[in-house]
Protein chains: 4
Amino acid sequence: MLKVGIIGAGGYAGATLINLLLRHPEAAIVWLMSEDAHQGKKIADLYPHLTGQLNLACQTLADLDKNLSSIDLVFLALPHGIAINYVPRIIDAGKRVVDLGADYRFADNAVFKKWYGLEHATEKYLKQAVFGLPELYRAEIKKTKLVGNPGCYPTAAILGAAPLVKHGLVELDSLIVDAKSGVSGAGRGVSLKAHFCERNEGLEAYAVTTHRHMGEIEYQISRISGGQINVTFVPHLTPMTRGILATIYAKVKSQKSKVKNEELTQLYKDFYKGEPFVRVFDDKLPNTKFVAGTNYCDIGVQYNEATGQVIVISAIDNLVKGAAGQAVQNMNLLCGFPETTALQQLAVYP
Amino acid sequence: MLKVGIIGAGGYAGATLINLLLRHPEAAIVWLMSEDAHQGKKIADLYPHLTGQLNLACQTLADLDKNLSSIDLVFLALPHGIAINYVPRIIDAGKRVVDLGADYRFADNAVFKKWYGLEHATEKYLKQAVFGLPELYRAEIKKTKLVGNPGCYPTAAILGAAPLVKHGLVELDSLIVDAKSGVSGAGRGVSLKAHFCERNEGLEAYAVTTHRHMGEIEYQISRISGGQINVTFVPHLTPMTRGILATIYAKVKSQKSKVKNEELTQLYKDFYKGEPFVRVFDDKLPNTKFVAGTNYCDIGVQYNEATGQVIVISAIDNLVKGAAGQAVQNMNLLCGFPETTALQQLAVYP
Amino acid sequence: MLKVGIIGAGGYAGATLINLLLRHPEAAIVWLMSEDAHQGKKIADLYPHLTGQLNLACQTLADLDKNLSSIDLVFLALPHGIAINYVPRIIDAGKRVVDLGADYRFADNAVFKKWYGLEHATEKYLKQAVFGLPELYRAEIKKTKLVGNPGCYPTAAILGAAPLVKHGLVELDSLIVDAKSGVSGAGRGVSLKAHFCERNEGLEAYAVTTHRHMGEIEYQISRISGGQINVTFVPHLTPMTRGILATIYAKVKSQKSKVKNEELTQLYKDFYKGEPFVRVFDDKLPNTKFVAGTNYCDIGVQYNEATGQVIVISAIDNLVKGAAGQAVQNMNLLCGFPETTALQQLAVYP
Amino acid sequence: MLKVGIIGAGGYAGATLINLLLRHPEAAIVWLMSEDAHQGKKIADLYPHLTGQLNLACQTLADLDKNLSSIDLVFLALPHGIAINYVPRIIDAGKRVVDLGADYRFADNAVFKKWYGLEHATEKYLKQAVFGLPELYRAEIKKTKLVGNPGCYPTAAILGAAPLVKHGLVELDSLIVDAKSGVSGAGRGVSLKAHFCERNEGLEAYAVTTHRHMGEIEYQISRISGGQINVTFVPHLTPMTRGILATIYAKVKSQKSKVKNEELTQLYKDFYKGEPFVRVFDDKLPNTKFVAGTNYCDIGVQYNEATGQVIVISAIDNLVKGAAGQAVQNMNLLCGFPETTALQQLAVYP
């Protein structure tokens, strides 16, 4: 049994990790850490749905060092800029790390600094980090000890855009990602933005030109294309708990008259052939409800002949494929378990 | 592997059965039947979340006879009055049956007729039927071939009230069940009642003195008490998809000053000791969200000293413990599988 | 034009007051006060829906004295225990007051202290206060200068129960109020309880034997009945923004066989004859959606013959009839305006 | 008093018309017509929130001729293709018409035919019809007797894009409208798409390249630009009742470095100067909640410098500014009433 510690267990990503790991036949949760205010609190008091399932109390990050020897792998689900302070010593202790935050998603410290205003004290660990999107970087993930788990919006955007970009099918400067997220993407922290009465029946765009995930999307799309790409990314907050639907627009290059829906769909099917967690739809369109609670990314592709726009729609559960599920997928890869272990849930429908 | 057929696969209970059975290590779905309009339709077209998971098309009930030999057990999830016409021949063919409808929940044909206006052509099969509430009738379920799976409201109400009734702690004619249900309880059929815009922000009582589940609750509570009990039952439709919360009121007999919260809670804990799917809360109260997608029934008990009222709150997922989950639990009992097989999901929280 | 000041303008009740008063032809909002953190903030920045409608910035309570001379009437929408400190000087300045908080709802200081743990420094003002439920105390309201505006739950509960209690039709110790509220009842303050993801799909009871509105309901029902009544009151939080539905249970006295639905309904119709804001339904049941945004209290009555229980269902918008609308209704009465002025909105349906 | 008849009173647009007209000081509803199934039904039975407000029963279209003499103006809120059969005789009878359907939105019969597959028997009436978007065609509306009231998506899209297009600021072939709608946009008819359980927590695109409102948007944008424009339009269904948020993308022409947020915002403010129902936000972004129940269109503009994309966000209530409110605004213009009469509601917030 792989012994696992979770830092940031009090948030929604942490709670989702717990749910998944409790049903993982090869991993056991050994300890939980959370913010200071949770110290000593039983996880089932923070999350009553765990009553009778996990009898652990939360420790704080101050307890990290004395707890390192008891585990093999650590998940960190923390706001950006905090993991930097802890990951080095975890790696130095010979443990594996899956960081669900932003700190290890950029190989280039300058780009990280541009978007997050922070610098890595040492680039040594950054260089070991692999961007944890298995569909693109499976081989590298298997070989590393430190995974920077992708952000939720980037997961939906990159999986949606990658085949177009890789095949050079579209004008790269035309890429637009109009993303719609459930409220859980903002975490469990209290705020007016997350207040039920402010969100219910309320749909709004936010951070229209400034969202940090734009940096992550641009960085990864640039990597795939081999160029330096800017992407228009507009996130929206929608009145639902879970899910991201990304509607991606891109203008096809010149020869647009020849493009057909079926060919585009086939191109996506070929690109994701054999992938256990990407479903390319033929004649249906993705819906957040079809992936809720699952590790799937569902994709549909359509072509608007009159305007030459390809429209790709991708849907994920922001807390599963967009966070904890993908993190467990990465753990499975890191540790040599079958990749889908503990990730085969279907959507609880309706 | 147990070979299973599902009749009524197109409804929400049917879809939930599919979800659960697809992850059951000892059962395999062999065929699906649904209403005529679904004939020949792939289940993944009716329920796209099943894409890539189950490649079966729906047959109709006209295909039943020729399909009986290929299975060991049949689930029926049909409106009341229809199962009557098919269950006898399934039983006669030596197969086991779990009927999620109302037709086999009453041992007494007269009571069934009073509430449903229908008569069983022959009482022979009715007599074999066991009311499928494992917490009360586990031994009988294990010995039968025909289970009448409880209704959703009755499951929450009976599990909530049973300890009080069994211990003779309350005035039986004072029992009130104020139940709040999500919309999925009304099924997938289209209706103005189920229209998003009519339900969102809308909370209403319905069938205040006439709901058929009142008959089922009265019948079962009477059985437990040994008397003839009438229960006040008021169901409410609330703006959510899943879940039932039942708030149960009952006046304690005379010696009320002695009753304490802790004793009541202990009494419930003792009553449900060892039950895998009942959680009695000490210092929290049940919430539909804690049981969503799970087979749990969560219970909390409080005592209002000034009025002598015991208030019991029970929460279930109407489609799992209130339908398909309990049906699988009954299948496990019927077939000698560990009772919790395929039923250990945690709530997808939040 | 009546000049009006609003204290507590930043909360939902305050915002609803603004909405109503902006359309009142005989009243003008002169100033707004809110918590310190809002000092100097424009109301349209706190509530962007007011953009272009009201160009006032929030002051704080420290600014009260210097602002008293500019107004005729003050609304206070504050947490309990705060109004006590300000109302006396407003009254002494010769101004009228409608207090939406709990401080002036009890004529009896001892009862107030029991439920709120606070004492009025002087009972002088308490004695002038009238409980602002126009359907019961219209004459007194017209004659006073200080109104204690009822709580949201009590408004629904008292209007629902009053006819039964007044007519001595039911056993008073059998009264149960099972109330379901939208989240806005908890105010605009941030908390985990109000988090969208914690409330969506979540239904739970809370404060089962301890809610302060139980004290208010008992106090007022006792007043109506002339006795000392204890009421079982269980509030529930439901996944919607606005609305309260109260389901009220009461056992009829002995001669229950004679009671009929139609007679009960007629009794309610007679009791509320001529009331502009109470609608007694014949053959429909109340729904929070029918009263959303309105000052109506809709009522339906049913009788369960088998159990002798009368079931009364009342629905209000907790922020309108349960708070700001009723406050404006009281202002209209205090000031001699037609009672329905600015209160004739229909539900924004759906 | 203007005497008004409403055809299609049973739908959500019809019900919203009733709500607005009941508070209109210069108009009176004389009769209602709805689908055959509603014949003889009281409107308060179809819409209980109208109890005590309007005591009219529904007639059917078969009753039209005999009812024409009693009114001055008719609103039609019907599925496309039906109004064609009735409008000519209403106009011939000398009455005014505001048609909320699609039949009179296109001056060009060929375009109408392309998108709706229908032909106008006679173009005579089509030629009299004015597209009822007062912000663009106020003068024409005042002079006609027949208004084709804009669709909900087109209202949000055209008001959002018009200033950019009129000023020739953007590449017209780059226009993308990503629109998100509440469920009420699909009407009150029952369907699986409108089922609460299918919509709650479900977000999906639909009719990605085929929605008829794309034709209306293209037709009107072309008119404004003077060219022949194709627009990429992708509508999405979101889990809320009311509201449309349109996120509009357009690439600025060459000199993009000079564009600034403030200038764009000012350009919009100038364009909509004096408009009573358009609010251009400076430093906030539109939210469907801010316009719910109102006739406002809120607009925010942002510029992504790195990609040269202007991003315009517009929000309306699909049933008010997107249907019944705009229809009343048009009636006010047709009849010489102040344009904002009966349309000054604020959002019922929260």
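The values are calculated or read from the model by the stated rules, or taken from the named source; none is laboratory data. Predicted, not measured: the structure shown is a model, and the values here were computed from it. Here Cβ is always computed from backbone atoms with ideal geometry, including for glycine, and neighbour counts include all displayed protein chains. The protein model used for the area step is the full one, side chains on, heavy atoms only, and it has no ligands, DNA or RNA in it. Shrake-Rupley method; radii C 1.70, N 1.55, O 1.52, S 1.80 Å.
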note = Residues in segment D:271-298 that are in contact (Cβ under 8 Å) with a residue 24 or more places away in the chain and more than 12 Å from chain A (Cβ to nearest Cβ) total 10
inquiry  = Among the residues of segment D:292-305, are any of a type outside the set (A, V, I, L, M, F, W, C), open to solvent by 30 Å² or more (accessible area, probe 1.4 Å) and within 18 Å of A:GLY202 (Cβ to Cβ)?
reply    = no
query = Which residue pairs have Cβ atoms under 9 Å apart, sit 6 or more places apart or on different chains, and have a first residue in segment A:82-94 that is open to solvent by less than 30 Å² (accessible area, probe 1.4 Å) and a second that is aromatic (Phe, Trp, Tyr)?
reply = A:ALA83/A:TYR104; A:ILE84/A:TYR104; A:ILE84/A:TYR125; A:VAL87/A:TYR104; A:VAL87/A:TYR125; A:PRO88/A:TYR125; A:ILE91/A:TYR125
task = For segment A:79-99, indicate whether the set of residues that are within 14 Å of another protein chain (Cβ to nearest Cβ), not in a loop (DSSP other than H, G, I, E, B) and not hydrophobic (A, V, I, L, M, F, W, C) is non-empty.
result = no
request  = Identify all residues within segment D:272-291 that are among the aromatic types (Phe, Trp, Tyr) and buried (at least 24 other Cβ atoms within 10 Å of the Cβ); write none if there are none.
outcome  = D:PHE277, D:PHE290
ask   = So D:ALA62 clears everything in (1) aliphatic (A, V, I, L, M); (2) outside any loop (DSSP other than H, G, I, E, B); (3) open to solvent by less than 20 Å² (accessible area, probe 1.4 Å) except one condition, right? Which one?
value = (3)
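Is it fair to say A:ASN318 is without any contact (Cβ under 8 Å) to a residue 40 or more places away in the chain and closer than 26 Å to A:GLY8 by Cβ? If you could, list the steps in order and put the result at the bottom.
Numbers: without any contact (Cβ under 8 Å) to a residue 40 or more places away in the chain: no; closer than 26 Å to A:GLY8 by Cβ: yes.
In short, no.
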ask   = In this structure, is B:GLU339 surrounded by fewer than 23 Cβ atoms within 10 Å (Cβ to Cβ), of a type in the set (Asp, Glu), away from chain C (no Cβ under 14 Å) and in contact (Cβ under 8 Å) with a residue 12 or more places away in the chain?
value = yes
request  = Could you list, in sequence order, all residues of segment C:42-52 that are on the phi < 0 side of the Ramachandran plot and in a loop (DSSP other than H, G, I, E, B)?
outcome  = C:TYR47, C:THR51
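Tally the residues that are in contact with a helix residue (DSSP H, G or I) (Cβ under 9 Å, 6 or more places away or on another chain) and buried (at least 18 other Cβ atoms within 10 Å of the Cβ), restricting the search to segment B:194-211.
Step one: filter segment B:194-211 for residues in contact with a helix residue (DSSP H, G or I) (Cβ under 9 Å, 6 or more places away or on another chain), giving B:194-204, B:206-207, B:209, B:211.
Then drop every residue that is not buried (at least 18 other Cβ atoms within 10 Å of the Cβ), which leaves B:194-204, B:211.
Summing the residues that are in contact with a helix residue (DSSP H, G or I) (Cβ under 9 Å, 6 or more places away or on another chain) and buried (at least 18 other Cβ atoms within 10 Å of the Cβ) in segment B:194-211 gives 12.
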ask   = Restricting attention to segment D:171-193, and to residues there that are at the interface with another protein chain (Cβ under 7 Å from one of its Cβ atoms) and among the acidic types (Asp, Glu), which single residue is surrounded by the most Cβ atoms within 10 Å (Cβ to Cβ)?
value = D:ASP178
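Quick one: in segment A:102-138, of everything that is in a helix (DSSP H, G or I) and of a type in the set (Phe, Trp, Tyr), which residue is most open to solvent (accessible area, probe 1.4 Å)? Don't jump to the end; show me each part of the working.
Taking segment A:102-138 and keeping what is in a helix (DSSP H, G or I), we get A:109-116, A:123-128, A:134-138.
If we keep only those that are of a type in the set (Phe, Trp, Tyr) too, we end up with A:112, A:115-116, A:125, A:137.
On the way: A:PHE112: 1, A:TRP115: 43, A:TYR116: 19, A:TYR125: 17, A:TYR137: 26 Å².
The residue in question is A:TRP115.
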task = Of the numbered conditions (1) over 19 Å from A:ALA44 (Cβ atoms); (2) in contact with a Ser or Thr (Cβ under 7 Å, 6 or more places away or on another chain); (3) more than 14 Å from chain C (Cβ to nearest Cβ), B:GLN345 fails exactly one; give the number of that condition.
result = (1)
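For segment B:25-47, how many residues meet the condition of being within 14 Å of chain A (Cβ to nearest Cβ) and open to solvent by less than 10 Å² (accessible area, probe 1.4 Å)?
Qualifying residue count, segment B:25-47: 2.
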inquiry  = Taking the criterion of being under 24 Å from A:ILE313 (Cα atoms), in contact (Cβ under 8 Å) with a residue 60 or more places away in the chain and assigned to a loop (DSSP other than H, G, I, E, B), would at least one residue in segment D:200-211 satisfy it?
reply    = no
key: Only one of C:ASN55, C:ASN67, C:ASN19 that is within 22 Å of C:GLY187 (Cα to Cα), among the polar types (S, T, N, Q) and either part of a loop (DSSP other than H, G, I, E, B) or open to solvent by less than 30 Å² (accessible area, probe 1.4 Å) (or both)   = C:ASN19
query = Which residues, taken from segment A:139-165, are not charged (D, E, K, R) and not in a helix (DSSP H, G or I)?
reply = A:THR144, A:LEU146, A:VAL147, A:GLY148, A:ASN149, A:PRO150, A:GLY151
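Out of curiosity, is B:LYS180 in the same structural domain as B:ALA250 (by TED's automatic domain parsing), basic (Lys, Arg) and touching a Ser or Thr at 6+ places or on another chain (Cβ under 8 Å)? Working first, answer last.
Numbers: in the same structural domain as B:ALA250 (by TED's automatic domain parsing): yes; basic (Lys, Arg): yes; touching a Ser or Thr at 6+ places or on another chain (Cβ under 8 Å): yes.
Spelling it out, B:LYS180 is indeed in the same structural domain as B:ALA250 (by TED's automatic domain parsing), basic (Lys, Arg) and touching a Ser or Thr at 6+ places or on another chain (Cβ under 8 Å).
Residue by residue, here is whether (1) among the basic types (Lys, Arg); (2) crowded, with 23+ Cβ neighbours inside 10 Å holds:
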| site | (1), (2) |
| --- | --- |
| A:PRO239 | no, yes |
| A:VAL252 | no, no |
| A:ASN261 | no, no |
| A:LYS269 | yes, no |
ask   = Out of all the residues in segment C:315-326, is one or more facing chain B (nearest Cβ under 10 Å), in contact with a strand residue (DSSP E or B) (Cβ under 7 Å, 6 or more places away or on another chain) and open to solvent by less than 10 Å² (accessible area, probe 1.4 Å)?
value = yes
ask   = Which of the residues that make up segment B:1-26 are under 21 Å from A:THR294 (Cβ atoms) and of a type in the set (A, V, I, L, M)?
value = B:ALA9, B:ALA13, B:ALA15, B:LEU17, B:ILE18, B:LEU20, B:LEU21, B:LEU22
query = Just to be sure, is B:PRO134 more than 14 Å from every other protein chain (Cβ to nearest Cβ), within 21 Å of B:PRO235 (Cβ to Cβ) and not aromatic (Phe, Trp, Tyr)?
reply = no
message = Test of understanding: among D:TYR104, D:TYR116, D:TYR125, D:TYR137, which residue is of a type outside the set (D, E, K, R) and over 19 Å from D:ILE221 (Cβ atoms)?
response = D:TYR125
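Output the residues belonging to segment B:7-16 that are within 12 Å of chain A (Cβ to nearest Cβ) and either in a strand (DSSP E or B) or of a type in the set (Val, Ile, Thr) (or both). Don't jump to the end; show me each part of the working.
Within segment B:7-16, the subset within 12 Å of chain A (Cβ to nearest Cβ) is B:11-16.
Of everything in segment B:7-16, just one residue is within 12 Å of chain A (Cβ to nearest Cβ) and either in a strand (DSSP E or B) or of a type in the set (Val, Ile, Thr) (or both), namely B:THR16.
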message = Among the residues in segment D:209-231, are any facing chain A (nearest Cβ under 9 Å), touching a Ser or Thr at 6+ places or on another chain (Cβ under 8 Å) and either among the polar types (S, T, N, Q) or farther than 20 Å from D:PHE131 by Cα (or both)?
response = yes
request  = Select from segment A:70-79 the residues that are under 17 Å from the mean Cα position of the chain (by Cα) and surrounded by fewer than 18 Cβ atoms within 10 Å (Cβ to Cβ) and list them in ascending order.
outcome  = A:PRO79
